Each structure stands twice: as C-alpha cells, then as structure tokens.
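*Asks:* I have a structure here, written as structure tokens, and I will follow up with some questions on it.
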Amino acid sequence: MIVSKTHIKKKDLVMVTNGREKGKSGRVLKVLPEKERVIIEKINFVKRHSRPHGQQKRGGILEKEAPLHISNVMLLCEKCNKPVRIGHRSLEGGKKARFCKKCGEIFDK
C-alpha cells in the first residue's frame, strides 16, 4: 500500500472549494492519508442512526462530521485570508516548512 504525502496537516485552517459545503472554512480534526480524506470541524455533517447499547448510550439520530476528499480543500493563509497553494522551503538547520505562494508566509513555525 502506497501512502501519499499530504499538504494538509491536523489543526490547519482550510476552506472547502467544491461540493455542497463550498466556501465554508474550519480546522482539520483528522487526516486520513491512506484514503486521501480529511475531517473538518463543523463541516459536512451526516446523520447516523444508532441503537441504544446498555444503560450508558442512548439511541437516536446523531450528527457527526464525514470525511471530505483532500482535493476539495485548500489551506487558508491567515495573512492573505484567502485559500492558497503552498510550496516547500528549507529553513536553517535543514528543517522543511510549508509556505504561502502568494505572500510567502511560513505555516510551520
């Protein structure tokens, strides 16, 4: 199984570019690189019907975030306040970082 490298990481601020949730933005809760999907906070809710299990869990209809394909989201630059493409740059000490291609802002500090 080949695991692709993703340009989006957990806790990044992203904007949805395609689909039903187009134009909405939120923080990434989880990245699923083997499926090339991301779960974004308060975006792409689906309803899940569940049965009660014992005395702790109640049954009913639950709402939770569903994964979106990673190609449908773009990283939001906090300086530009726009969805941007990113590049990779080497910093001092041999460390690599992601940067905004519009303004040059570095994401990984």
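*Asks:* State all residues of segment 26-75 that are closer than 30 Å to C100 by Cα and of a type in the set (S, T, Y); if no residue qualifies, say none.
*Replies:* Matches in segment 26-75: S71 only.
For every residue, the table says whether it meets (1) of a type outside the set (A, V, I, L, M, F, W, C); (2) touching a residue at least 24 places away in the same chain (Cβ under 8 Å).
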residue: K35; (1), (2): yes, yes
residue: I40; (1), (2): no, yes
residue: P67; (1), (2): yes, yes
residue: I70; (1), (2): no, yes
residue: M74; (1), (2): no, yes
residue: C77; (1), (2): no, yes
residue: N81; (1), (2): yes, no
residue: I86; (1), (2): no, yes
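*Asks:* Would a scan of segment 52-70 turn up a residue that is buried (at least 17 other Cβ atoms within 10 Å of the Cβ), hydrophobic (A, V, I, L, M, F, W, C) and part of a loop (DSSP other than H, G, I, E, B)?
*Replies:* no
*Asks:* Given I39, I43, which one is assigned to a loop (DSSP other than H, G, I, E, B) and surrounded by 10 or more Cβ atoms within 10 Å (Cβ to Cβ)?
*Replies:* Just a single option satisfies the conditions, and that option is I43.
*Asks:* For segment 34-67, name all the residues that are closer than 30 Å to I8 by Cβ and among the polar types (S, T, N, Q).
*Replies:* N44, S50
*Asks:* On to the next question. Considering every residue within segment 51-63, establish whether at least one is under 23 Å from D108 (Cβ atoms) and touching a Pro at 6+ places or on another chain (Cβ under 9 Å).
*Replies:* Within segment 51-63, none of the residues are under 23 Å from D108 (Cβ atoms) and touching a Pro at 6+ places or on another chain (Cβ under 9 Å).
*Asks:* State yes or no: is K22 surrounded by 11 or more Cβ atoms within 10 Å (Cβ to Cβ) and either part of a loop (DSSP other than H, G, I, E, B) or charged (D, E, K, R) (or both)?
*Replies:* In short, no.
A quick yes/no check of all residues on (1) modelled with pLDDT under 95; (2) surrounded by 10 or more Cβ atoms within 10 Å (Cβ to Cβ); (3) on the phi < 0 side of the Ramachandran plot; (4) assigned to a loop (DSSP other than H, G, I, E, B):
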| site | (1), (2), (3), (4) |
| --- | --- |
| L75 | no, yes, yes, no |
| C80 | yes, yes, yes, yes |
| R89 | yes, yes, yes, no |
| G93 | yes, no, no, no |
| A97 | yes, yes, yes, no |
| D108 | yes, yes, yes, yes |
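The values are calculated or read from the model by the stated rules, or taken from the named source; none is laboratory data. What you see is a predicted model, and the numbers here were worked out from it, not measured in a lab. Glycine also receives a Cβ, built like all others from the backbone with ideal geometry; neighbour counts cover every protein chain displayed.
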